[in-house]
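> Let me give you the structure first, and then I'll get to my questions.
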Amino acid sequence: MKKLVSMLLCGVLLLTGCQASTQANTSTDNGDVTQIKFWYAYTDKIQENNENMVKKFNETVGKEKGIEVIAEYQGAYEDVHQKLQAAHISGDVPAVSVMEIASIETFANNGLIIPLDEYIQKDNINTSDFYEGLLENCIVNDKFYSLPYLRSTPILYLNTTLLSQAGLNTEGPKTWEELETYARTVKEKTGKYGISMYSYNWILESFFLQQGSSILSDDKKSTNLYTEEGKEIFTFFQNLSKDNIIRCLSGEDSSKVTADVLNQNTAMWFSSTADLTKNLQIAEENNFEINTAFLPKAEQYGVPTGGCNLVITSKATDEEKQAAWEFIKWITSPEQASESTVTTGYVPTSKTATQTETIQTLFKDKPQFKVALDQLESYGHGRPMNKEYSEVQKELVNVMDAVWVNLLDIDTTLKTSQEKINNILQGK
């Protein structure tokens, strides 16, 4: 009942607080033109890309097929998800929306989004052209509920100006052992932090993959926090934090990592490839050089994929669903996907997109962009999508804060946190 009240309140917020559209407020059939809303998350280069893509679609395919897409910014991914739930209750839904990949299974199982297989088969879309590491979070119960849109992996960013001052190879560390050597050398030679990082569950997922493990068990009923691999991860970074070699910040202080990057107070940091365009601009404006590298391996390389896919809402009309599909089909095509990569820094989503002149020129001019794709092709994995994981993620951030920021006892903290997370996963 509390959940229902919360969702209804979200509905009220949706009706009163959403960004007003300069055109129609609902998805309607306007004469010969089917008008649909497209909800998206985030501003800056991502917003620029979304708005430009919608404008281009409306002037080309939309004009030809009688479709007008209205792009509406909704905040962060979490905001989009909450508003989609409220819109489903009110019936005033966008026909198409972005959705963070870990949430797709929950929305599919709750009937808020529809399978796309019928559309895919009708138009002979070659889904195998998408990179395998991106497809796992598209499929629920053996059906496609989404297609990859703005997708990413975490990568290691390097301030090569600082690395050079410290006498280090600017290609960066390849292993965790080398990562520690780099971090300690930077601190010793330059006085700056070797790594600046904040508590982020996506990065923690990476660390477990690099240990040959995973954040959750295969059946998603338990976590692997309190294991030898988990202890290895938390001990490694806590020791560096205790020695003041790296700067560990709470999940609420992510902006301080950006400040460290801007002020050249750190030589290395973990972040999404989606930040690459922005980071290159920061480096240029502040007179230092940036390189990118795979996240270093422990037992092996491994990263989760991230970002968003595109979905069609279940309460859209048949005409709106068809219009939404035309938009999704167009914007995920190789030509458009390659343009999105150039604008934002997200990875090319398909093999054909990678072969376009646009991407090949980008890789030649700015090889930092190719690192994330190479990492994705060989070592990319999907993310957990079970409904309990949204709550689990918050607990993971709390664990990182406790061990890496507050330097609490590892064994006690991991054991207590594992019990709490297992209860969440098992519905206790």
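> Determine, yes or no, whether Thr292 is surrounded by 22 or more Cβ atoms within 10 Å (Cβ to Cβ), under 26 Å from Val405 (Cα atoms) and of a type in the set (Ser, Thr, Tyr). Write out each step before concluding.
Details: surrounded by 22 or more Cβ atoms within 10 Å (Cβ to Cβ): yes; under 26 Å from Val405 (Cα atoms): yes; of a type in the set (Ser, Thr, Tyr): yes.
So Thr292 fits the description; yes.
> May I pose another question? Tally the residues that are farther than 22 Å from Gly382 by Cα, among the aliphatic types (A, V, I, L, M) and either in a strand (DSSP E or B) or without any contact (Cβ under 8 Å) to a residue 40 or more places away in the chain (or both), restricting the search to region 64-115.
The qualifying residues number 5.
> Among (1) in a helix (DSSP H, G or I); (2) out of contact with any strand residue (DSSP E or B) (no Cβ under 7 Å at 6 or more places or on another chain); (3) closer than 28 Å to Ala108 by Cα, which single condition is Pro348 missing?
(1)
> Report yes if some residue within region 47-63 is surrounded by 20 or more Cβ atoms within 10 Å (Cβ to Cβ) and outside any helix (DSSP H, G or I); otherwise report no.
No, that holds for no residue.
> Contact list please: Cβ distance under 6 Å, first residue in region 300-319 and of a type in the set (Lys, Arg), second residue crowded, with 24+ Cβ neighbours inside 10 Å, pairs at least six apart or on different chains.
Every condition considered, the pairs that remain are Lys315/Val93.
> Would you confirm whether or not region 325-346 contains a residue that is of a type outside the set (A, V, I, L, M, F, W, C), under 17 Å from the mean Cα position of the chain (by Cα) and assigned by TED's automatic domain parsing to the domain that holds Glu232? Before the answer, list the steps.
Taking region 325-346 as the starting set, the residues that turn out to be of a type outside the set (A, V, I, L, M, F, W, C) are 326, 329, 332-336, 338-341, 343-346.
Then drop every residue that is not under 17 Å from the mean Cα position of the chain (by Cα), which leaves 332, 340-341, 343-346.
From what is left, the residues that are assigned by TED's automatic domain parsing to the domain that holds Glu232 are none.
The answer is no; no qualifying residue exists.
> Select from region 116-129 the residues that are in contact with a helix residue (DSSP H, G or I) (Cβ under 8 Å, 6 or more places away or on another chain) and outside any helix (DSSP H, G or I) and write down the one among them that is nearest to Ile215 (Cα to Cα). Don't jump to the end; show me each part of the working.
Taking region 116-129 first, the residues in contact with a helix residue (DSSP H, G or I) (Cβ under 8 Å, 6 or more places away or on another chain) are 116, 119-120, 123, 125, 127, 129.
Going one step further and asking which of them are outside any helix (DSSP H, G or I), we end up with 116, 123, 125.
Details: Leu116: 29, Asp123: 37, Ile125: 33 Å.
If we take residues in region 116-129 being in contact with a helix residue (DSSP H, G or I) (Cβ under 8 Å, 6 or more places away or on another chain) and outside any helix (DSSP H, G or I), then Leu116 is nearest to Ile215 (Cα to Cα).
> Same structure, new question: Which of the residues belonging to region 258-269 are surrounded by fewer than 20 Cβ atoms within 10 Å (Cβ to Cβ) and out of contact with any helix residue (DSSP H, G or I) (no Cβ under 8 Å at 6 or more places or on another chain)?
Kept after step one, since they are surrounded by fewer than 20 Cβ atoms within 10 Å (Cβ to Cβ), are these residues of region 258-269: 258-259, 262-265.
Thr258, Ala259, Asn263 - these are the residues of region 258-269 that are surrounded by fewer than 20 Cβ atoms within 10 Å (Cβ to Cβ) and out of contact with any helix residue (DSSP H, G or I) (no Cβ under 8 Å at 6 or more places or on another chain).
> Any idea which of (1) closer than 29 Å to Thr127 by Cβ; (2) at pLDDT 95 or above; (3) touching a Ser or Thr at 6+ places or on another chain (Cβ under 8 Å) is the one Val403 doesn't satisfy?
Only one criterion is unmet by Val403, namely (1).
> Does Gln35 meet the test of being modelled with pLDDT of 95 or more, touching a strand residue (DSSP E or B) at 6+ places or on another chain (Cβ under 8 Å) and either at negative phi or not basic (Lys, Arg) (or both)? Explain how you work it out, then say what you get.
Numbers: modelled with pLDDT of 95 or more: yes; touching a strand residue (DSSP E or B) at 6+ places or on another chain (Cβ under 8 Å): yes; either at negative phi or not basic (Lys, Arg) (or both): yes.
In short, yes.
> Here is a further query. Among the residues of region 322-345, which ones are buried (at least 19 other Cβ atoms within 10 Å of the Cβ) and not in a helix (DSSP H, G or I)?
Once the filter is applied, which keeps residues that are buried (at least 19 other Cβ atoms within 10 Å of the Cβ) and not in a helix (DSSP H, G or I), region 322-345 yields Thr332, Gly345.
Listed here are the residues, each with its yes/no results for (1) more than 22 Å from the chain's Cα centre (by Cα); (2) surrounded by fewer than 21 Cβ atoms within 10 Å (Cβ to Cβ); (3) touching a residue at least 40 places away in the same chain (Cβ under 8 Å); (4) in the same structural domain as Ser213 (by TED's automatic domain parsing).
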residue	(1), (2), (3), (4)
Lys364	yes, yes, no, no
Gly380	no, no, yes, no
Val403	yes, no, yes, yes
Asp409	yes, yes, no, yes
Leu414	yes, no, yes, yes
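> Could I ask something else about it? Can you tell which of Glu252, Glu205 is crowded, with 21+ Cβ neighbours inside 10 Å, in contact with a Ser or Thr (Cβ under 9 Å, 6 or more places away or on another chain) and acidic (Asp, Glu)? If you could, list the steps in order and put the result at the bottom.
Working: Glu252 fails: crowded, with 21+ Cβ neighbours inside 10 Å.
Just one listed residue meets the conditions, Glu205.
> Under the condition of being outside any helix (DSSP H, G or I) and small (Gly, Ala, Ser), which residue from region 270-289 is surrounded by the fewest Cβ atoms within 10 Å (Cβ to Cβ)?
So the first thing to find is which residues in region 270-289 are outside any helix (DSSP H, G or I), and the list is 270-272, 286-289.
Going one step further and asking which of them are small (Gly, Ala, Ser), we end up with 271-272.
On the way: Ser271: 24, Ser272: 21.
Looking at residues that are outside any helix (DSSP H, G or I) and small (Gly, Ala, Ser), I get Ser272.
The values are calculated or read from the model by the stated rules, or taken from the named source; none is laboratory data. Note that the structure is a prediction, hence the values are computed from the model and not measured. Backbone-built Cβ (ideal geometry, glycine too); neighbour counts: all protein chains shown.
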